[in-house]
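As structure tokens, the structure follows; a few thoughts come after it.
The values are calculated or read from the model by the stated rules, or taken from the named source; none is laboratory data. None of these values were measured; they are calculated from a predicted model. Cβ coordinates were reconstructed from backbone atoms using ideal geometry, including for glycine residues, and neighbour counts include every protein chain displayed.
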Amino acid sequence: MKYYVDEHIKNTYRVFPQQGRYGYHRFDMNENPEGLPKKFVDEVLKEITPEFLAIYPEPDRFLHKYADFIGASYENVMATNGSDMAIRYLLETFGEKGKEVVTVSPSFEMYWVNCSILGLKHVPVAYEQDLTIEIEKILDAISTDTRVVVLLNPNNPVGNVYTEEELERVIERAKEVGAVVIIDEAYHYFYDRTFLPYALNGENVILLRTFSKLFSLAACRLGVVISNPEIIHYVKNGRLSFDVNSIALLFGERILEHPDLINDLIRTEKEGKAYILEELEKAGYVCRDCRGNFIFVKPHHDAHEIAEKLEKEKKVLVHAYGNELLKDYLRVSVGSADAMKIFLNAFLEADRQEEE
């Protein structure tokens, strides 16, 4: 007798992240190419004792500090095993099998992947050819069958942002049909505006933050869900007991205790982005500042071929797209000016070699 497999999981198509990236210059997954300062990391690691490792994780101390950090209450926040797990929890809690989840497209793939796994109907709203998104098309996509609406601000990969007026229109339309609005602010610290007050004061708004980007903890997996106490309560009901590990929580606490470190990380990224955009434009390339810790650049030759050449010959990783709208671009993660010089030199040489 054949064993049972959930039909939605069975029929989901997955492409997992590239492995074997250690030892490469990583500009492909919007990580910090250099990571946190070694001195800071070494100091935190001293706290990881045998006793520390033997105790189950306790997220509350981190959550109280994080709530203070953003000007909220403990009841407004919940830690998760990265934003990936937060997305799964939210779609499990507020999605309904056979009903709709509205997102823009292209966007972070784990929204449509989780829709497929959970038996939810993904409703993608396409970008225009000039990489703008029409808010009217998002509003029109919200129907009586919609249970969740997702806005990434800024969006990955396109990098667009929304105005308060646009957000308020989406929130009100979602209320009319009984849907929640998820605002994914993974790239918040690279963009000066936030929709945090809407999550703290709204009835149907949820905001996501991550420690993988600016805070450089992609390996540890630490995310935060922010909303009103009722929504946080419902999401907690469906969560695993110990999904965030103690090492992630410890690093998260120590980062929050060092505002100078946070300011240095922001300044370093901004300097690196200003440098690489200026240098690429001086060299005659079409670029796009994507508001997050990444940019688009259009090579003079086939983007996929340039990405392959960078990886094989320069040990430099960048992201190329199969999507028709983005196929001519490379997405490049941004770090310090020194990190961007490594990318720039490799990129210019690889692109010029194609002309020979």
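Has segment 33-50 got any residue that is modelled with pLDDT of 95 or more, surrounded by 13 or more Cβ atoms within 10 Å (Cβ to Cβ), touching a Cys at 6+ places or on another chain (Cβ under 7 Å) and of a type in the set (A, V, I, L, M, F, W, C)?
No, the conditions are met nowhere in segment 33-50.
Taking HIS304 as the residue in question, decide whether it is assigned by TED's automatic domain parsing to the domain that holds VAL150, in a helix (DSSP H, G or I) and over 21 Å from the mean Cα position of the chain (by Cα). Break it down into steps so the answer makes sense when it comes.
Values: assigned by TED's automatic domain parsing to the domain that holds VAL150: no; in a helix (DSSP H, G or I): yes; over 21 Å from the mean Cα position of the chain (by Cα): yes.
No: the conditions fail for HIS304.
For segment 324-356, which positions are of a type in the set (Lys, Arg) and either over 18 Å from GLU311 (Cα atoms) or in a strand (DSSP E or B) (or both)?
Within segment 324-356, the subset of a type in the set (Lys, Arg) is 327, 331, 341, 352.
Across segment 324-356, the qualifying residue is only ARG331.
From the set of residues in segment 278-301 that are without any contact (Cβ under 8 Å) to a residue 24 or more places away in the chain and out of contact with any helix residue (DSSP H, G or I) (no Cβ under 7 Å at 6 or more places or on another chain), which is surrounded by the most Cβ atoms within 10 Å (Cβ to Cβ)? Spell out how you get there, then give the answer.
Our first condition is that a residue be without any contact (Cβ under 8 Å) to a residue 24 or more places away in the chain; within segment 278-301, this holds for 278, 281-282, 284-287.
Right, trim to out of contact with any helix residue (DSSP H, G or I) (no Cβ under 7 Å at 6 or more places or on another chain) and you get 278, 281-282, 284-286.
Numbers: GLU278: 11, GLU281: 12, LYS282: 8, GLY284: 7, TYR285: 17, VAL286: 13.
Ranking the candidates gives TYR285 first.
When you scan segment 20-131 for helices (runs of 4 or more DSSP H) that lie fully inside it, which ones turn up with 3 or more residues that are without any contact (Cβ under 8 Å) to a residue 60 or more places away in the chain, assigned by TED's automatic domain parsing to the domain that holds VAL244 and under 20 Å from the mean Cα position of the chain (by Cα)?
On the way: elements: 38-45, 50-54, 60-70, 82-94, 110-118.
Correct list: 110-118.
Given the criteria modelled with pLDDT of 95 or more and surrounded by 12 or more Cβ atoms within 10 Å (Cβ to Cβ), does THR93 qualify? Write out each step before concluding.
Numbers: modelled with pLDDT of 95 or more: yes; surrounded by 12 or more Cβ atoms within 10 Å (Cβ to Cβ): yes.
When the stated conditions are applied, THR93 passes them.
If you check LEU63 against the conditions, is it surrounded by fewer than 12 Cβ atoms within 10 Å (Cβ to Cβ) and among the aliphatic types (A, V, I, L, M)?
So LEU63 does not fit the description; no.
Do you know which of the residues in segment 284-301 that are of a type outside the set (A, V, I, L, M, F, W, C) and not in a loop (DSSP other than H, G, I, E, B) is farthest from the chain's Cα centre (by Cα)? Spell out the reasoning first.
Narrowing segment 284-301 to residues of a type outside the set (A, V, I, L, M, F, W, C): 284-285, 288-289, 291-293, 298-301.
Narrowing the set further to residues that are not in a loop (DSSP other than H, G, I, E, B) leaves 288-289, 298.
Numbers: ARG288: 18, ASP289: 16, LYS298: 22 Å.
Result: LYS298.
A quick yes/no check of all residues on (1) among the hydroxyl-bearing types (Ser, Thr, Tyr); (2) in contact with a His (Cβ under 8 Å, 6 or more places away or on another chain):
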residue: ARG21; (1), (2): no, no
residue: PRO33; (1), (2): no, yes
residue: VAL41; (1), (2): no, no
residue: VAL44; (1), (2): no, no
residue: GLU47; (1), (2): no, no
residue: ILE70; (1), (2): no, no
residue: ALA79; (1), (2): no, no
residue: SER83; (1), (2): yes, no
residue: ARG88; (1), (2): no, no
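Looking at this structure, is VAL177 among the hydrophobic types (A, V, I, L, M, F, W, C), exposed (fewer than 15 other Cβ atoms within 10 Å of the Cβ) and touching a residue at least 24 places away in the same chain (Cβ under 8 Å)? Break it down into steps so the answer makes sense when it comes.
On the way: among the hydrophobic types (A, V, I, L, M, F, W, C): yes; exposed (fewer than 15 other Cβ atoms within 10 Å of the Cβ): yes; touching a residue at least 24 places away in the same chain (Cβ under 8 Å): yes.
Yes, satisfied.
Just wondering, is there one or more residues in segment 251-267 that are among the β-branched types (Val, Ile, Thr), within 24 Å of VAL158 (Cβ to Cβ), surrounded by fewer than 20 Cβ atoms within 10 Å (Cβ to Cβ) and at pLDDT 95 or above? Lay out the reasoning, then the answer.
Going through segment 251-267, the residues among the β-branched types (Val, Ile, Thr) turn out to be 255, 262, 266.
Still in the list and also within 24 Å of VAL158 (Cβ to Cβ): 266.
Filter once more, keeping what is surrounded by fewer than 20 Cβ atoms within 10 Å (Cβ to Cβ): 266.
Pick out the ones that are also at pLDDT 95 or above and you get 266.
Yes: one or more hits.
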